[in-house]
Amino acid sequence: MYKYVFIDLDDTLWDFHANAKSSLHEIYEQKNLGQFFDSFEQYFNLYAKRNIELWEEYGKGTISKAELSLERFQHPLIQVGVDNAPLAKQIGDEYLALLPSRTMLVPYAMELLEYLAPKYPLTIVSNGFVEVQYKKLNSCNIGHYFAHVVLSEAAQALKPDKRIFEYALQLNNATASETIMIGDSYEADIVGAQNARIDQIYFNPNLKSNDTFKATFKVKGLAEIFDIL
Ligand SMILES: [Mg+2]
């Protein structure tokens, strides 16, 4: 019944968490940040917590991309009493340069793309930055699986805004009822697809059997999608 498949990139296909952590670890060593922090884990936890909050603010439109990019690296430094915006800026620049070259994928991502690409036109629907997302696709050599790459900056709307999904439907010349969205973020991917009346596969490795999330399908692993599509 489905003819088109939309897929989120970060933490659905590309293992954002693992790739981000390994990039920051390299920068942490390079910049000798151990002089300020007890451990890399301390640094990374401070960063990760604030980063999630800042992405939420960016999604709501209350902060700019530039503010997000700087503040997430300034925050851990300020927490340990280091007020050094130029250092935060340097870390941010190096992080954005290094991160997209990382190639760790979510388990079964490659197998899923191999399976889906001959059957459906696939479209990435992502809130990530243009200059970063294309590099990731190239580094992992998965760009050729996709008919379209729809990023929020081009669509001028961020998930869960239905306009980014409607933009992707238009590009495919598809209707909502013949399309399904796969994503790991309930708020962005699942609620967003619902806003555009598109069916959803909620990918959540930590899914509990008694969860109350509403989605067309729910999976704990990407391999379960072989049985759905
Ligand atoms: Mg995601």
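Just so you know, all these numbers are worked out from the coordinates, no wet-lab data involved. Please read these numbers as outputs of a predicted model, since none were measured by experiment.
So for the chain, averaging the separation of alpha carbon pairs under 8 Å that are six or more residues apart and normalising by length, what relative contact order in percent results? Could you put the intermediate results ahead of the total?
Working: 338 pairs, mean separation 53.3, N = 229.
In percent, rounded to a whole number, it is 23.
Between helix 16-30 and the chain there is an angle of about 20 degrees, using the helix long axis and the longest principal axis of the Cα atoms.
Relative to the compact-globule scaling 2.2 N^0.38 Å, provide the ratio for the alpha-carbon radius of gyration of segment 136-229. Intermediate values should be presented prior to the final figure.
On the way: Rg = 13.8 Å, N = 94, 2.2 N^0.38 = 12.4 Å.
Relative to the rule-of-thumb radius for its length, segment 136-229 sits at 1.11.
Compute the acute angle (0 to 90°) between the alpha-carbon long axis of helix 65-79 and the principal axis of greatest extent of the alpha-carbon atoms of the chain; round to the nearest 10°. Its long axis makes an angle of about 50 degrees. Working value for the chain: equivalent-ellipsoid semi-axes of 33, 18, 17 Å, each the square root of 5 times a Cα gyration tensor eigenvalue, largest first. Karplus-derived 3J(HN,Hα) values for segment 93-99, using 6.51 cos²θ - 1.76 cosθ + 1.60 with θ = phi - 60°, are 5, 5, 4, 5, 6, 7, 3 Hz; glycine and proline are entered as x. Angle check, please: helix 130-139 long axis (alpha carbons) against the longest principal axis of the chain (alpha carbons), in degrees 0 to 90, nearest 10. Around 80 degrees separate the two axes. Every helix of 4 or more DSSP H residues in the chain counts as -39500 (n - 2.57), and over all residues that averages to -14000 deg cm²/dmol at 222 nm. Annotation for segment 56-108 versus segment 137-185: alpha-carbon center distance of 24 Å.
A Stokes-Einstein calculation at 20 °C with viscosity 1.002 mPa s, built on the Kirkwood radius of segment 16-101 over Cα pairs, returns a diffusion coefficient of 165 µm²/s.
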